[in-house]
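Each value in this text was obtained by applying a stated rule to the coordinates, not by laboratory testing. Source: prediction; values computed, not measured. Glycine gets a Cβ as well: all are built from the backbone with ideal geometry, and neighbour counts include every protein chain shown.
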Amino acid sequence: MADRESNARIDDAAAIWAARIDARALTADEEIRLERWLAKDIRRQGALARALAVALHMADGSPQSSD
């Protein structure tokens with residue numbers, strides 16, 4: 001039985017993908033690798049969406065909530 005990837009590891013990889021996407025356009029090879037990565041576990045799609053939202057929030061310069 002294969003080990004299930006941890007949520008932390010997925011979040012870390014998603015953050016790396018989000019940083020790449022935020023920095024520049026992905027190459028064709030990167031786009032293929034991203035699609036393959038996303039297809040392997042449904043949790044990865046949510047993790048990437050969250051990471052992209054954080055990147056957008058940070059780029060927006062919105063103040064951090066103190067809650």
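The table that follows gives values for the structure above.
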| item | result |
| --- | --- |
| Qualifying positions in the stretch 42-62 - of a type in the set (D, E, K, R) and under 13 Å from the mean Cα position of the chain (by Cα) | Arg43, Arg44, Arg50 |
| Per-region count, the stretch 32-55, residues farther than 24 Å from Arg4 by Cα and out of contact with any Asp or Glu (no Cβ under 8 Å at 6 or more places or on another chain) | 2 |
| Any chance Arg33 is charged (D, E, K, R) and surrounded by 10 or more Cβ atoms within 10 Å (Cβ to Cβ) | yes |
